[in-house]
Amino acid sequence: VQLQASGGGLVQAGGSLRLSCAASGRIISVYLWGWYRQAPGKQRELVASINNGSITNYADFVKSRFTISRDNVENTVYLQMDIVKPEDAAVYYCSATDGFGRTHWGQGTLVTVSS
């Protein structure tokens, strides 16, 4: 499975940004898609996930602000980021976990927040 994340950039605090993760390869084996983030000096943390049943899970710090979704036709996973805060600044990574227990990662896309 190959993942290509995009959509990062500079956003003002309170603004919105949409990240995209285009998937290719053995997608049929994937049952869980996710977005993680890593800020400088911090560990990578889960932001949101969505499974093949479209059940979503969010970290408390993004609930009611971020939305994860999938487009099965385009094989793309999105992260809609609204009411962005300065502490949301990080490199965002998309992930795909397959039925063999492997987690595949995209290359990361940088989100910078101006206050």
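Observations
- Residues whose amide H falls under 5 Å from that of Gly15, counting only those 5 or more places apart or on a different chain, are Val84, with hydrogens built in the peptide plane.
- Accessible area (Å², per residue) of region 2-115, counting only protein heavy atoms and a probe of 1.4 Å: 54 Å²
- Top of Tyr92, Tyr31, Tyr58 by mean-square fluctuation, Gaussian network on the chain, Cα under 10 Å: Tyr31
- Taking 0.36 nm per residue of sequence separation and removing the Cα-Cα distance, the Gln80/Asn57 pair yields an extension gain of 6.9 nm.
- Here the chain was treated as a single set of alpha-carbon atoms; its pair distances binned every 5 Å from 0 give 2, 13, 25, 26, 19, 10, 5, 1, 0 percent.
- Rounded to the nearest 5, the antiparallel percentage of DSSP beta bridges internal to the chain is 90%.
- Accessible carbon and sulfur surface of the chain relative to its total accessible area, %, 1.4 Å: 49 percent
The values are calculated or read from the model by the stated rules, or taken from the named source; none is laboratory data. Everything numeric here is computed off the predicted structure, so don't read it as measured data. These accessible areas exclude ligands, DNA and RNA; they are computed on the full protein's heavy atoms, side chains included. Shrake-Rupley method; radii C 1.70, N 1.55, O 1.52, S 1.80 Å.
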